[in-house]
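K.L.:
Attaching a single structure in structure tokens format; questions to follow.
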């Protein structure tokens, strides 16, 4: 039961993370977050999006951890460490310091590499449809060059991945009926 709960929360995390990334991207496109000077709403949304994304990855890991081996574990942990570093940099920025500004690009690139490795492991594991792994592989490399439009695209992608994880969780937890 605990496993099913983690998968469910992971699906919700991916979906809410996707919605948060989408809102962040659309707000940047239309300039909504820049209307009030001195406010850092975009950074707060960024941290929330990263936290939800990490929760989604943990739920996905719970579903397929028995099937993807060391490659999947390496991709997951690499991505989670990169997300943690990105969150730490954002929180330090919110506290008024730019001391960790230099880690933003390496942490973003680390998250990209981690998601690609994790996507390859998901593809190879075969627990979810193969396209799920392909989407994980190409989500960030496609989104990053598109800047704020890519942020919105990444949000849509994560929302879809969360929905599919939710559906797969329901299918995996259904009990087969007994035939006499």
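A short reminder: the numbers here are calculations on the coordinates, not readings from a lab. Here the structure is a predicted model, which means the values were calculated and not measured. Cβ: placed from backbone, ideal geometry, glycine included. Neighbour counts: every protein chain shown.
K.L.:
Divide by every residue of the chain the summed helix terms, -39500 (n - 2.57) for each DSSP H run of at least 4, and state the resulting mean residue ellipticity at 222 nm, rounded to the nearest 500 deg cm²/dmol.
P.N.:
Numbers: 6 runs with 142 residues, N = 180.
The helix-only estimate for the chain comes to -28000 deg cm²/dmol at 222 nm.
K.L.:
Same structure, new question: Given the options 74, 90, 99, state which has the largest fluctuation in a GNM of the chain using a 10 Å cut-off (strictly under) for Cα springs.
P.N.:
99
K.L.:
Something else: Of 151, 53, 3, how do they rank once you tally other Cβ atoms within 10 Å and put the fewest first? Before the final figure, lay out the partial values.
P.N.:
Numbers: 151 22, 53 27, 3 14.
The order, fewest Cβ neighbours first, is 3, 151, 53.
K.L.:
Mind pulling the angle between the C-alpha long axis of helix 130-143 and the longest principal axis of the chain? Nearest 10 degrees, somewhere in 0 to 90.
P.N.:
That works out to roughly 10 degrees.
K.L.:
Can you give the FRET efficiency for residue 160 and residue 88, using 1/(1 + (r/R0)^6), R0 = 22 Å, r = Cβ-Cβ distance, to the nearest 0.05? All intermediate terms of the calculation are to be shown ahead of the outcome.
P.N.:
Values: r = 28 Å, r/R0 = 1.29.
After rounding to 0.05, the efficiency reads 0.20.
K.L.:
In degrees between 0 and 90, to the nearest 10, how far off the longest principal axis of the chain does helix 104-125 point, with axes built from Cα atoms?
P.N.:
10
K.L.:
Can you give the angle from 0 to 90° between the axis of helix 147-173 and the longest principal axis of the chain, with both taken from C-alpha atoms, to the nearest 10?
P.N.:
Helix 147-173 and the main axis of the chain meet at about 20 degrees.
K.L.:
State the Kirkwood hydrodynamic radius of the chain in Å, one decimal place, computed from all pairs of distinct Cα atoms. Please list the in-between numbers first.
P.N.:
On the way: mean 1/r = 0.0596 Å⁻¹.
Computed over Cα pairs of the chain, the Kirkwood hydrodynamic radius comes out at 16.8 Å.
K.L.:
How do 101, 40 line up, fewest other C-beta atoms within 10 Å first? Intermediate results must be reported in sequence, preceding the final value.
P.N.:
Details: 101 11, 40 14.
With the sparsest Cβ surroundings first, the list reads 101, 40.
K.L.:
Among 83, 92, what is the fewest-to-most ranking by other Cβ atoms within 10 Å?
P.N.:
Details: 83 21, 92 15.
Fewest-to-most ranking of 83, 92: 92, 83.
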